[in-house]
Structures are given as C-alpha cells and as structure tokens.
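Here is the structure we will look at.
The values are calculated or read from the model by the stated rules, or taken from the named source; none is laboratory data. Note that the structure is predicted; figures quoted are calculated from it, not measured. Glycine gets a Cβ as well: all are built from the backbone with ideal geometry, and neighbour counts include every protein chain shown.
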Amino acid sequence: MLEDYLHILIFLVVAFLIGLAPRVMGSLLGPRRPGLEKDSPYECGFEAFENARMKFDVRYYLVAILFIIFDLEIAFLFPWAVVLEELGLGGLIAMVVFLGILVVGFIYEWRKGALEWE
Amino acid sequence: MGFEKFLFYVFAAIAVFAAGMVVTRRNPVHAVLYLVLAFVSSAALWLLIEAEFLGIVLVLVYVGAVMVLFLFVVMMLDIEVAALRAQFIRHLPLGLVIAAVMIINMVLVVGPWNFGLDSFAKPVPQPEGYSNTTVLGLDLFRTYLYQFEIAAVVLLVAIVAAIRLTLRRRANTKHQEPSEQVRVRKGPERIRLVAMRAEAVPASVPRIGSGPGADPNDAKEQGE
C-alpha cells in the first residue's frame, strides 16, 4: 500500500526543491545592497499608517467556523461513499438522518442571515 | 523497511522541529504556520502506519479548516507581544511548576517502558488491496452508527452556538437585496422616463453658460 504513495513523496520532494531553488539562486546570484528606504515597509505608495496586528471583524470568524463544520461533514461522507454498496439501504438512511440534522443547522444559518455579507 | 524507517525519521524530525518552533516563535502568526507544518508531517507519519484516511483527514480538516480558524483568532486577538514578554519573568516560577507536572505526567504515560516491541507487537503490513477507508467506513456505519448520528447533533449545536455568539447586525449598513431587485415588475415599481419639451427660461433667471445644469436635454422627470 505504501508504494502507492511514492508518487506523492516524489512530488513533495520536487515541490520542496522548486520552492527552495529560487531563494538560493536569488541569494547567490543577485546583488544585495540593503538600505533604509528599501527595508522600510511599502504600502501601495503611501506611508504605512497602522500596525498589521489590528482587530479583525468577528464575522470572518463566523465564516471560518461554519466552514469547519461543513468540512467535517464532508470528511464523514468519504468513508460512507466507499462502503455504500456493502451498507445497502441502512447506510443510505443513516446518512440521510445525519445530513438532515445538519440541514436543520444550514436552514437556521440561512434564515438568520449568517451567510449574508453586508 | 530501510527506506520507510528513513522516512519516519525525516518526518518525525520535521514534526519535532516544527513543534519546537511553535512554542518559541515571538510572532504568533509564524507559530501557527509552524503548527501547520507539524500537522502535515504528522499526517505523513500516519500514512506510514497505513492509516491513510486519518492522514488525509488530518490535512483536510486540521490544516484546511482548523488552522484557518487559528489564524483568524490569532489575527483578531490584537496581541501586544512586548506586553506579554514583560510578564514572562513574573509568571516564570508558576509556569515551570506546571511544565514539570506535565512532563512527569507524560513520562508516566508515554515513557519508554510502556512501549517497545515486547509491549506492542510489530504491526504486520496490510495485504495488497487493503483499504483503510473501507474498514473505517464499515466500523463507523455499523458498529458506531449511533455515535455517528450524535456527531451530527454536536455539529448542529456548534452551528447554532457560533451564530448566536458572533452574528451581529450592524445598523445602517447599506446593502442590496438581489432577490428583491429581480422581482421588481415593470410599471409602478420602476423608474419611468418621460420625454418632455424644454421649458422656456424666464428672463429673470440669468443664463449661466452651457454647464450641465443648463442643458435642456437633461430635463427628464422621474415617475411617481
């Protein structure tokens, strides 16, 4: 089984090397003359006026947590889809109940307007 | 076995290195990114013990979703690093005591005498065509079906709680309702353009060049 993942390992190694090569080549080949102006933060032409560590709106958090919940739901769907033929009708009903409970939550967030972006 | 052992040491070393960086970085965003690296290398370790479904779910759920949430929280917290470091020495003794207790706990539980080949037999490699996902699916939907449905209820509670806690309606934000916009019917609900003749300018009003206001073709009246 592990042999099947050899491609992914080779891919990882190649991706790592491709990521590493431009940095190494850049530091070896390019001239480096840092200066005060060059090292200062650059923000789209105007002076940087605020720290990046500012407070974000809490609604980003809401979007992220709703995403996690439905992401978990998807994770349950994968093994179910693989063994659905062996489970038969019982497996189908089990997943319908599972998704039905979550659809209640989905309707709730839709009706509350949690998916609206004002 | 040689190559697998080598891979295990590589990924384990990356995981330990990343975990060390998580607790030593000053910038919390960097710490979270190192935590992502630790999760990814743990997923590789899980693949090595042939728990392929769990390894991929670790990447999908933890790296893909939970770490995004971590990043949001870290960015939202507005952490003043200098203020945190000022308190470091003051809380150091208490922190050391707690750390010592935790280390003793962990050594008692996962110490080397609890492991080794005499406590746990070497796992036999699974036969050709073995699918971790299939075995897990059969277990989940036959033996643990009830717990699986309970998981749905727990997720439902999480949805409702997250919305109740964080959904704030802001007064006077301007936004469009596309569903109402497309439902507008022709007739009284729409703007009506009326063509009309230019009116003669009374002699008492001084003429101001040919500015946009003085253009007689602009004189369109709005319906209603």
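Screening B:Gly137 against (1) buried (at least 17 other Cβ atoms within 10 Å of the Cβ); (2) at positive phi leaves a single unmet condition, (2). Assessment of region B:72-88 against the conditions (among the β-branched types (Val, Ile, Thr) and farther than 25 Å from B:Asn27 by Cα) yields no matching residue.
Working carefully through the options B:Asn114, B:Asn132, B:Asn105, find the one that is more than 14 Å from chain A (Cβ to nearest Cβ) and within 33 Å of the chain's Cα centre (by Cα).
Exactly one residue qualifies, and that residue is B:Asn105.
For region B:7-59, the set of residues classified as within 20 Å of A:Ile74 (Cβ to Cβ) and not in a helix (DSSP H, G or I) consists of B:Ala51 only. Comparison of B:Phe11, B:Phe6, B:Phe88, B:Phe17 shows that the only residue that is out of contact with any helix residue (DSSP H, G or I) (no Cβ under 7 Å at 6 or more places or on another chain), over 28 Å from A:Leu66 (Cβ atoms) and within 13 Å of another protein chain (Cβ to nearest Cβ) is B:Phe6. Residues of region A:13-20 include none that is among the aromatic types (Phe, Trp, Tyr), surrounded by fewer than 16 Cβ atoms within 10 Å (Cβ to Cβ) and modelled with pLDDT under 90.
When region B:168-224 is filtered for residues that are at pLDDT below 70 and either surrounded by 10 or more Cβ atoms within 10 Å (Cβ to Cβ) or in contact with a Phe, Trp or Tyr (Cβ under 7 Å, 6 or more places away or on another chain) (or both), the ones remaining, listed by number, are B:Ala214, B:Asp215, B:Pro216, B:Ala219, B:Lys220, B:Gly223.
Cβ separations smaller than 9 Å between residues 6+ apart or across chains give the following pairs from region B:182-201 residues that are touching a residue at least 12 places away in the same chain (Cβ under 8 Å) to residues that are polar (S, T, N, Q) and exposed (fewer than 10 other Cβ atoms within 10 Å of the Cβ): B:Ile191/B:Gln222; B:Arg192/B:Gln222; B:Leu193/B:Gln222; B:Val194/B:Gln222; B:Ala198/B:Asn217. Within region B:56-74, being within 22 Å of A:Ile8 (Cβ to Cβ) and more than 7 Å from chain A (Cβ to nearest Cβ) holds for B:Ile56, B:Leu58, B:Val59, B:Tyr62, B:Val63, B:Met67.
Of everything in region B:146-162 that is surrounded by fewer than 17 Cβ atoms within 10 Å (Cβ to Cβ) and within 17 Å of A:Leu89 (Cα to Cα), the residue that is nearest to the other protein chains (Cβ to nearest Cβ) is B:Glu149.
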